[in-house]
1. 7 Å from Cα along Cα→Cβ at both A:V247 and B:A326: what's the point-to-point distance in nm?
2. Need one value for A:242-251: mean number of C-beta atoms belonging to other chains within 10 Å of its residues' C-beta atoms.
3. Along Cα→Cβ at 7 Å, what distances in nm separate the B:R327 label point from those on the other copies, shortest first?
4. Taking only C-alpha pairs under 8 Å that are 6+ residues apart, what is the relative contact order of region A:122-277 in percent?
5. Simple spin-label model, 7 Å along Cα-to-Cβ: B:A65 to A:R132 in nm?
6. Report the Cα centroid-to-centroid distance between region A:238-309 and region B:144-198 in angstrom, as an integer.
7. Can you tell me the relative contact order of region B:20-174? Whole percent, Cα pairs under 8 Å, sequence separation 6 or more.
8. If R0 is 45 Å, what FRET efficiency do you get for B:D311 and A:A277 from their C-beta distance, rounded to 0.05?
There are 2 protein chains.
Amino acid sequence: MLPVIVDAMGGDNAPHDIVAGAVAAAADGIPTELVGRIEQIAALEGIEGAGELAVYEASEVIGMADEPGRAVRTMKDSSIVRGAERVRDGHASAFVSAGNTGAVAAAALLRMKRLPGVNRPAIATTLPVPGRTPKILLDSGAMADCQPDWLHQYARMGSAFANIRYEIDRPTVGLLSIGEEPEKGNLLVKETHKLLADDGSINFIGNVEGRDVLGGEVDVVVADGFTGNVVLKTLEGTIGFLVDEIVARLTVPEAADVGSAALGLLAPLAAELHPDAVGGAMLLGVNGVCIISHGSSSPTAITNAVRVARDMVERDLVAGLAAAVAR
Amino acid sequence: MLPVIVDAMGGDNAPHDIVAGAVAAAADGIPTELVGRIEQIAALEGIEGAGELAVYEASEVIGMADEPGRAVRTMKDSSIVRGAERVRDGHASAFVSAGNTGAVAAAALLRMKRLPGVNRPAIATTLPVPGRTPKILLDSGAMADCQPDWLHQYARMGSAFANIRYEIDRPTVGLLSIGEEPEKGNLLVKETHKLLADDGSINFIGNVEGRDVLGGEVDVVVADGFTGNVVLKTLEGTIGFLVDEIVARLTVPEAADVGSAALGLLAPLAAELHPDAVGGAMLLGVNGVCIISHGSSSPTAITNAVRVARDMVERDLVAGLAAAVAR
């Protein structure tokens, strides 16, 4: 297969942790290349094998706080734009970036273009859930204001993605709302509900609620990008807050032994909930495989993202999405 | 003061737990009365002092799954409608119900009427946060589709409520969005941001994100009722999911001693996060004090709700809200 191109400059710990993750993926036998500032990458120390990866020059770096649309339009020699172009031009099979989410989505949309028939691409975030297959939440932030037919496509693309990535047969699809009944919700959700209920190509189980995002039995949760992003950050924030509180209360000096033993019992749960294991969010609806990893990605997260990218290329995710949308 | 009227029939464990909570509030010296099915309440066993509370007859009970608007229009002799009427007619100072949230809000709106100048009432939910004053989230579900000027009023009412209930001086107000920058968000949020930024009567700190709902330093989180409700249920669902997982992993037979000691260390955290302590959500913007308690309310939750109702009557919440809206 064509190499996976990794944005060396995107992410809180870029380029070091990104390059380390890419090197590990290459060592695993996955053709992996980098895009970014060659000199800065060459100067990295302590990453064995880093010199063996091809690096394509991109002189600019889009920051995490930059306005995405403007950044992509004006910084044409940025690692994000150049990476997306390598997929467009047939030099790479997939693009992985832990950089500015909006900028990666915008660059992929502008350079790779939409799949035929797709209204808007969506960011599909994988939510790890202890004890079951992960869940897919989409859109988790590509488009803040949505139309019912866009959400309808998100449902089809999310369903196809859950099937292709997690091999779930007829994944259950739920529409995020504020009550299970079809008449509950805002105007967007009520209109979307009708479209999903009439679509025999997906396994629509009706409205789901915020509590079902982690706890329920739904595989694919459909929302507009505003609500999806708020939910994702509420979920991450709540888990992070509780983990900090639990650690604080289990590390009191007067119960050090109990605390450390208990934290040992709870460590697997923390690992199962950690987003690094799932490697990143998938941009669905563009003509190429594009993974948007968490800004805080560790080397492991990047390695996992490259693995997922390889799998999605091999299983031809893009063709699967195109077929789902065209159905 | 005039008595607080409690809906004996609303809630998952009604009427038993509701009556038990009301009796405890009365024993605390708060004038408390009940509305509901007199015979059913008289037949309750095991609640000492239940016979001493005045009960006003209401022959109908609105169910948790009933469509709120229709239920309130057609079930005129329901405990929810009759309870709201006792406030309207000057027989009670406040109404407490753990019944169908939408029906309580609708009955309060139709019977007590809006405060002058209020566009729409909002449900203000108190979120207990370990180690700090609770936060206020509004609207947490009264209106799914909102206008910018409604959210603007929610900000003023929420700010006044945080000040009156928690004695926070100039509470910080945040607008729930998907990024801190003013230009981030959906159309509703972007328009609302301008209104809040121009309002010197509130301490607006800008946009906040899902992670700030528990973790940040904001006192009042403003959202439309759809997003607010989704966030509230995501928060509750995530906490509930994690509590279950933690208990499961700390109750394995091979580490029973460590597990039970650790759960003892964590029990205060669970108690601090439990909604029973805060007594219920407050409907802001109607001409009366109206508390909507959680469906799962325990007797303690109801007692706390009656206490909060008493406090809000004594501190004249309604006049404070009217002044905040008119500013």
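1. 5.2
2. Partner-chain Cβ atoms within 10 Å, mean over residues of A:242-251: 4.
3. Here B:R327 shows inter-copy label distances of 5.3 nm.
4. RCO, region A:122-277: 29 percent.
5. That separation, rounded to one decimal, is 2.0 nm.
6. The two parts, judged by their Cα centres, are 32 Å apart.
7. 13
8. Between B:D311 and A:A277 the formula returns 0.45.
Rule-based calculations on the coordinates, nothing more; no lab input. Note that the coordinates shown come from a computational prediction; the quantities given were computed from them, not determined experimentally. All Cβ positions, even for glycine, are placed from backbone atoms using ideal geometry, and neighbour counts span all protein chains on display.
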